[in-house]
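The values are calculated or read from the model by the stated rules, or taken from the named source; none is laboratory data. Please read all numbers here as calculations on a predicted model, not as lab measurements. Here the Cβ positions follow ideal geometry from the backbone for every residue, glycine too, while neighbour counts run over all protein chains shown.
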């Protein structure tokens, strides 16, 4: 599969088979994230892999809202990767301050994308989410209160009822500026 075919294959999966994800595949996803570039090589990330069936079933209620029907599909997911922001090195921290850029958050986004592309390459579906009860998830997983959970990635085998969808994106003429704005 070419890189562009992989980009076409990756989508936010919202329907998972009730099949455990092999830990080896999850660790391959983490390795892809680990190899991602980061500002000043600060690597401001940590990952909690949740693949224990008992613990994994406790995550979905902490990602759903009583107000809005959000993230309900996670009930059927057997594995999650919790993305935790770690402190940056001094060079990245200084650069972030001087340039008013959140390099750590940018780096975490890049690493999470690499992780999801690795999942797709292995036949897994994934969905990156930012809506969750951070305090309760920290308590469940023993993540120190001083840490910040940035994202949770649901990961598993997609069902046949979640076919590859056509990507609806802005036309290139709307986003591309050659040589000047």
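Side notes on the structure shown:
- Test for residue 176: is it on the phi < 0 side of the Ramachandran plot and surrounded by fewer than 20 Cβ atoms within 10 Å (Cβ to Cβ): yes
- Subset of segment 158-173 (residues that are more than 14 Å from residue 14 (Cα to Cα) and either surrounded by 10 or more Cβ atoms within 10 Å (Cβ to Cβ) or touching a helix residue (DSSP H, G or I) at 6+ places or on another chain (Cβ under 9 Å) (or both)): 167, 169
- Here residue 28 fits the description: under 13 Å from residue 115 (Cβ atoms), buried (at least 16 other Cβ atoms within 10 Å of the Cβ) and touching a helix residue (DSSP H, G or I) at 6+ places or on another chain (Cβ under 7 Å).
- Filtered residues of segment 56-69 (kept if in contact (Cβ under 8 Å) with a residue 40 or more places away in the chain and surrounded by fewer than 14 Cβ atoms within 10 Å (Cβ to Cβ)): 65
- Residue count, segment 132-161 (criterion: out of contact with any strand residue (DSSP E or B) (no Cβ under 7 Å at 6 or more places or on another chain) and part of a loop (DSSP other than H, G, I, E, B)): 7
- Applying a threshold of 6 Å to beta carbon distances and a minimum spacing of six or more residues, or different chains, the list of pairs starting in segment 28-44 at a residue that is at positive phi and ending at one that is crowded, with 19+ Cβ neighbours inside 10 Å reads 40/92.
- Test: residue in segment 45-55 that is more than 21 Å from residue 158 (Cβ to Cβ), exposed (fewer than 13 other Cβ atoms within 10 Å of the Cβ) and without any contact (Cβ under 8 Å) to a residue 12 or more places away in the chain: yes
- The residues listed here are 110, 155; of these, the one that is in contact with a helix residue (DSSP H, G or I) (Cβ under 8 Å, 6 or more places away or on another chain), under 21 Å from residue 29 (Cβ atoms) and at pLDDT 95 or above is 155.
- Flag if residue 138 is surrounded by fewer than 16 Cβ atoms within 10 Å (Cβ to Cβ) and either at pLDDT below 95 or over 20 Å from residue 15 (Cβ atoms) (or both): no
- Among (1) under 26 Å from residue 90 (Cβ atoms); (2) modelled with pLDDT of 95 or more; (3) surrounded by fewer than 20 Cβ atoms within 10 Å (Cβ to Cβ), the one test that residue 146 misses: (2)
- Considering segment 16-131, the qualifying helices (runs of 4 or more DSSP H), each wholly inside and each with 3 or more residues that are in contact with a strand residue (DSSP E or B) (Cβ under 9 Å, 6 or more places away or on another chain), run over 23-34, 103-121.
- Where a residue in segment 1-15 is part of a helix (DSSP H, G or I) and its partner, wherever it lies, is surrounded by fewer than 18 Cβ atoms within 10 Å (Cβ to Cβ) and modelled with pLDDT under 95, with Cβ under 8 Å and at least six apart: 8/164; 8/167; 9/1; 9/164
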